[in-house]
Amino acid sequence: MKLDLLAIGVHPDDVELGCSGTIINEIKLGKKVGVLDLTQGELGSRGTIETRYEEAAKAAIIMGVHVRENLKMRDGFFENDEEHQRKLIVAIRKYQPEIVITNSLSDRHPDHGRAAKLTTDSCFLSGLVKVETKDEQEMQQEPWRPKYVFHYIQDRYHEPDFIIDISDVFEQRMEGVKAYTTQFYNPDNED
């Protein structure tokens, strides 16, 4: 499926926290949007792989995304190396997004910056003819390079290059974030 926009996050919930308002805005404008999670978030303090998948699926429905996929890289231990770049290149070529939005290049969580660099490098390499990849049916993929790669702010503040007004979709965005009940659980708030 060809996408207009592909939002990439290293952990399930990164996209919701970082750019879900933009995603919802674009979908309301008729754009095809997908989410790609690099890891299953298995090192998170709360929740399990299974609950993270359930929460991600619920958030995807709330946001209205057309596709959500998880590349199952190792949380905390993936690298910006050829093995991981090729895995991401296959996904980029599969969805052929015009725009990619991903984690910030520098953030509190070391996975975020590493994922941003991995994504940026993979988007460039994906456009090279001599980088050969095959899809799930073992068919040769054509090169594809997104026109733009943007980074969303998550934990640490960075001076933005542009700001998108999400006022009209803010409540829907917050519902997508709240889908991650294991990540925002506070035992002091139990009734």
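Observations
- Qualifying residue in region 168-177 (condition: closer than 18 Å to Val35 by Cα, without any contact (Cβ under 8 Å) to a residue 60 or more places away in the chain and either crowded, with 21+ Cβ neighbours inside 10 Å or out of contact with any strand residue (DSSP E or B) (no Cβ under 6 Å at 6 or more places or on another chain) (or both)): yes
- Lone unmet requirement of (1) in contact with a Gly (Cβ under 7 Å, 6 or more places away or on another chain); (2) open to solvent by 10 Å² or more (accessible area, probe 1.4 Å) for Thr48: (1)
- Boolean, Val149 is in a loop (DSSP other than H, G, I, E, B) and on the phi < 0 side of the Ramachandran plot: no
- Contact annotation: residue pairs with Cβ atoms under 6 Å, 6 or more positions apart or on different chains, pairing a residue in region 76-101 that is modelled with pLDDT of 95 or more with a partner that is open to solvent by 50 Å² or more (accessible area, probe 1.4 Å) and of a type in the set (A, V, I, L, M, F, W, C), are Arg93/Trp144; Gln96/Trp144; Ile101/Phe150.
- Taken over region 86-139, the criterion of being buried (at least 24 other Cβ atoms within 10 Å of the Cβ), polar (S, T, N, Q) and within 15 Å of the chain's Cα centre (by Cα) is satisfied by Thr102, Asn103, Thr119, Ser122.
Residue-by-condition table, conditions (1) closer than 23 Å to Arg68 by Cα; (2) of a type in the set (A, V, I, L, M, F, W, C):
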residue	(1), (2)
Asp111	yes, no
Ala115	yes, yes
Thr120	yes, no
Val129	no, yes
Arg145	yes, no
Phe150	yes, yes
Glu159	no, no
Gln172	yes, no
Ala179	yes, yes
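The values are calculated or read from the model by the stated rules, or taken from the named source; none is laboratory data. Just so we're clear, the structure is a prediction, and the values are computed from it rather than from any experiment. Here the Cβ is made from the backbone with ideal geometry for all residues, glycine too, and neighbour counts use every protein chain on show. Only protein heavy atoms, including side chains, enter the accessible area calculation; ligands, DNA and RNA are left aside. Shrake-Rupley method; radii C 1.70, N 1.55, O 1.52, S 1.80 Å.
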